[in-house]
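Remarks on the structure that follows.
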Number of protein chains: 2
Amino acid sequence: MIKKIGIIGLGNVGEAVIRSLKDSSRLISRKASLRLEVKGVCDVRKDKKRIASKYRIPFTTKPSSLINDPDIDIIVELIGGIGPAHNIVIAALKKGKHVVTANKALLASHGKDIFSLAQAKKREVGFEASVCAAIPLIKSISKGLVGCEVKALYGILNGTTNYILDKMTKERIDFNCALAQVQNKGFAEKNPTLDIEGIDSLHKLCILSYLCFGVWPPLKKVYAEGISRISLLDILYAQELNYRIKLLAIAKKQRDKIDLRVHPTLLAAEHLFSDTSSAYNAVYLNTYPAGELLFYGEGAGGVPTSSSVISDIVSIALNEKGLLRKEEKVSLCDMRDVKMRYYMRIMALDRPGVLAKISKILSTYNISIASVTQKERDIHKFVPIVMITHEAREDDVCKALSQIDKLSVIKSPSQKIRIEDL
Amino acid sequence: MIKKIGIIGLGNVGEAVIRSLKDSSRLISRKASLRLEVKGVCDVRKDKKRIASKYRIPFTTKPSSLINDPDIDIIVELIGGIGPAHNIVIAALKKGKHVVTANKALLASHGKDIFSLAQAKKREVGFEASVCAAIPLIKSISKGLVGCEVKALYGILNGTTNYILDKMTKERIDFNCALAQVQNKGFAEKNPTLDIEGIDSLHKLCILSYLCFGVWPPLKKVYAEGISRISLLDILYAQELNYRIKLLAIAKKQRDKIDLRVHPTLLAAEHLFSDTSSAYNAVYLNTYPAGELLFYGEGAGGVPTSSSVISDIVSIALNEKGLLRKEEKVSLCDMRDVKMRYYMRIMALDRPGVLAKISKILSTYNISIASVTQKERDIHKFVPIVMITHEAREDDVCKALSQIDKLSVIKSPSQKIRIEDL
């Protein structure tokens, strides 16, 4: 059986997919009696033609010439971003093509409509490459764990931020310094906002929410906080307390609601997750009946990602259905009501009575302190007071800290980092 | 769509499958528009009828009455072992049924014939549950990584031995004591030979060899060594050297050959693998283009295993093909020629000249020493000398140690444990 493919977008991933398809052709033929042929490739940049020429594949700058080609069965969208990619995916589905995409931003924003259209047109949308690059997570959740209820999911879904936090921890450097180094190595974009502010993780979390719970959350309703406010001080104090700081995407089933959020998180140093190093991704699932599972692998890069694109192409070529949970009517938890333990760092003047003032405010908001340490002594300066709380309500913690920050003995703003016990 | 199932074998896994099928029926209907009905269950033990009655499912003691039932599409074999299970699987395939099995011993011994028959009959054999219980490893390798060449696989595939090694390490107790404790907790069989001698891991490794390389190795040709010879001393010395001891199943592509083996292995303590605790399983894959991947999850137990059985049933019900690599003509490495680094513990009299004698023999066999430590001083006793070698040939190491063990100053047998650098 021969299936014909059109690839739109010849960046790192696009070029790697062409090469990997060539490298794996014998393997795919031996496993699936299938031949995959790239019928054409497209990029708006004319200079990308050299890639096409290298592999002797027809090149075009017009997506429509691939979308309208009746020979092509599957359109692979690898340009990223929303505008043109959205039009391409919609046009391809309308023309009766199957679609494979690595585009998390697009799916997080328009996934609901895209999957509805695909269903109406009886076409498949493969998106294994949109979350955790090379890890076969989408197929594992949708097929391998098809009979499982996901109770909780914790993900290190963004390699760039994990790399930055890793560097800060290992080299004892501050955020800006680590970011600059990671940018120099080509592991972060020149404009790193999507990564460091947690937006990329948020996009991936929305896709996983659909897979695990059948819920497409409105992007703006999900709390997302990045790592740009994490200081070296916090990394070091966390370490002393036997924690590590990771940017986590979290999804938990809470009775009839779903708790979705992205934020820096203190994790027990012993947990396998805390060892997720540099540019790797990891996902921890708590399920029934499969129990606890951990998936770990490369989270970015054209070559690893090409593996997931190819697995989607093969599944579609073999007429396999992507098993997506039908949409469920479940509401999201209000972030203000979520209860967690907290790490707090408050910069206070080293004077008698300061801790009493802070404690009084915390108790007003029903926040109970599990441990407190004043890290330095210097009566002329603001010194850090580090606290770990018992479980407290997010809204109470925000209000208490905002009131504490107004005290004249406090150098605001205070730091809070949420703690999760996996 | 309704698919009808017959389950043969009502042990832990069988009963858990019935319950999980009931629990997940809504989920499976929402994801796959599929209804799975258990048409009948079978066990040779009549008292198992109570399980069937509890779920109002017809019960029989005769496998043939399910195999010959024209209504049943899928036979689920969960009795384990080879004899009767083999007959059941063959008879079911001959009758045109699909088969789902958790039986690693059966597949390792007769997989080749079973998959040939299935192919001839155009029927599927699902075996996700045969390796790493709840981890969707089989689907990940065959589908998620369909375009990937596996360069190396390292697996902690047996929960019982991992639990015993874990206990020895954490509680500083010897092998027999740890085994007894694990047996008391119900995590090891009364006759634990299959587990502790590495046979269970060997069975799973054979299945993975077929998946990864298209090779069914003759069971007797694969080197398998268990953990019963690992002493507490070795665990402690390994720890001092910043290693952990794990029972690993190893599969490596070496040019045109495949290196397959099961043995206790020293691993760097920092490697994620070293943290695989108690009854968990973990598999590390080095692939191209997907790079390095790690899968981690529960390695035994009826409830977790039921998840994998159900995922196979759903795949078959949806007419998905299991993607198995066609058989490749690749030969196995001869264990004697494999090169590794080694940990050696030699019990020698504490006298001048002993180390010289040992070193001389090692150098005769081209074994070069990276480090050596004499662990105690007592001129009246045999004291342990612990060595780490540079890369050496297995056969040379065996011959050198056998010659060393003949020295009058040595209390034989000496210990050797292989080292892998993941």
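The values are calculated or read from the model by the stated rules, or taken from the named source; none is laboratory data. In this text the structure is predicted, and so the values were computed from the model without any measurement. Heads up, the Cβs are rebuilt from the backbone with ideal geometry, glycines too, and the neighbour counts pull from every protein chain shown. Just the protein is used for accessible areas: all its heavy atoms, side chains included, with ligands, DNA and RNA removed. Shrake-Rupley method; radii C 1.70, N 1.55, O 1.52, S 1.80 Å.
Between B:S228 and B:I82, the modelled label-to-label distance comes to 1.9 nm, taking each label 7 Å out from Cα in the direction of the beta carbon. Sorted largest first, the spans of the alpha carbon positions of the range A:31-89 along the three principal axes are 37, 25, 21 Å. Give the angle, between 0 and 90 degrees and rounded to the nearest 10, that separates the Cα long axis of helix B:12-23 from the longest principal axis of the Cα atoms of chain B. That helix lies at roughly 50 degrees to the long axis. The simple Förster model, with R0 at 25 Å and r as the Cβ-Cβ distance, assigns B:R45 and B:N68 a FRET efficiency of 0.75.
Inter-copy label distances for B:R26: 5.1 nm (label point placed 7 Å from Cα along Cα→Cβ; shortest first). Only Cα pairs under 8 Å and 6+ residues apart enter the sum, and on that basis the relative contact order of the range A:137-300 stands at 33 percent. Quarter the surface of the alpha carbon convex hull of the range B:66-148 and you get the mean projected area, 5.8 square nanometres.
Stokes-Einstein D for the range B:263-422 at 10 °C, 1.306 mPa s, Kirkwood Rh over Cα pairs, in µm²/s? In µm²/s, the coefficient rounds to 81. Counting only alpha carbon atoms, the long axis of helix B:83-94 and the longest principal axis of chain B meet at about 50°.
Would you mind getting me the FRET efficiency between A:T61 and A:S277? Use the beta-carbon distance for r and R0 = 51 Å, nearest 0.05. Once rounded, the FRET efficiency stands at 0.80.
The slack in the chain from A:S25 to A:K170, taken as 0.36 nm per residue of separation less the alpha-carbon distance, amounts to 48.0 nm. Averaging the sequence gap over all C-alpha pairs within less than 8 Å and six or more residues apart, then dividing by the number of residues, gives the range A:263-342 a relative contact order of 15 percent. The protection proxy used here, the mean number of other Cβ atoms lying within 10 Å of each residue, ranks peptides B:271-283, A:5-17, A:62-74 as follows, highest first: A:5-17, B:271-283, A:62-74.
Accessible surface for A:I57 stands near 20 Å², nearest 10, in the context of the full protein assembly shown (1.4 Å probe). The listed residues A:H203, A:H110, B:H380 rank as B:H380, A:H110, A:H203 when sorted by accessible area, largest first, using a 1.4 Å probe. What separates the A:Q254 label point from its copies, with the point 7 Å along Cα to Cβ, is 5.5 nm, written shortest first. Averaged over the residues of A:294-307, the number of partner chain Cβ atoms lying within 10 Å of the residue Cβ comes to 5. Mean partner shielding of peptide A:14-26, defined as the number of other chain Cβ atoms within 10 Å of each residue Cβ, is 2.
For chain A, the mean residue ellipticity at 222 nm estimated from helices alone is -10500 deg cm²/dmol, where every DSSP H run of n ≥ 4 contributes -39500 (n - 2.57) and the total is divided by all residues, rounded to the nearest 500. For the range B:2-130, the spread of Cα coordinates along the three principal axes comes to 36, 35, 26 Å, biggest extent given first.
Counting Lys and Arg as +1 and Asp and Glu as -1 over every other residue whose Cβ lies under 11 Å from the Cβ of A:T61, the net charge comes to +3. Based on C-alpha pairs under 8 angstrom that are at least 6 apart in sequence, the range B:1-144 has a relative contact order of 21 percent. With 18 Å as the cut-off, how large is the P(r) tail for the range B:339-419, expressed as percent of Cα-Cα pairs? Summing the P(r) tail past 18 Å for the range B:339-419 gives 32 percent.
For the options B:A251, B:A133, B:A85, a Gaussian network treatment of chain B with springs between C-alpha atoms closer than 10 Å singles out B:A85 as fluctuating the most.
For the protein assembly as shown, the convex hull spanned by the alpha carbon atoms encloses 192 Å³ per residue.
Modelled spin-label separation between B:S402 and A:Y288, with each label point placed 7 Å from Cα along the Cα-to-Cβ direction: 5.7 nm. The loop-placed chymotrypsin sites (Phe, Trp or Tyr not before Pro) in the range B:50-140, going by DSSP, that have at most 16 neighbouring Cβ atoms within 10 Å of their Cβ come out as B:Y55.
Expressed as a whole number of Å, what is the distance separating the alpha-carbon centroids of the range A:75-152 and the range A:288-354? So the two Cα centres are separated by 16 Å. As a ratio to 2.2 N^0.38 Å, the alpha-carbon radius of gyration computed for chain A takes the value 1.09. Taking all protein chains as shown and a probe of 1.4 angstrom, A:K22 keeps an accessible surface of around 140 Å². Percent of C-alpha pairs per 10 Å bin in the range B:54-193, short distances first: 10, 30, 29, 22, 9, 1. In this structure, A:R351 and A:A180 have a Cβ-Cβ separation that, at R0 = 30 Å, corresponds to a calculated FRET efficiency of about 0.20.
If you find the alpha carbon centre of the range B:13-68 and of the range A:241-283, how far apart are they in angstrom? Here the two parts' Cα centres lie 38 Å apart. With semi-axes defined as the square roots of five times the eigenvalues of the C-alpha gyration tensor, the equivalent ellipsoid of the range A:137-300 measures 27, 17, 14 Å, largest first.
A crude spin-label estimate for the pair B:N242 and A:M1, with each label 7 Å from Cα along the Cβ direction, gives 5.2 nm. If the segment from A:H390 to A:V409 were pulled out straight at 0.36 nm per residue, it would be longer than the present Cα-Cα gap by 4.4 nm.
Placing a label point 7 Å from Cα along the Cα-to-Cβ axis, B:H390 is separated from the same position in the other copies by 6.1 nm, shortest listed first.
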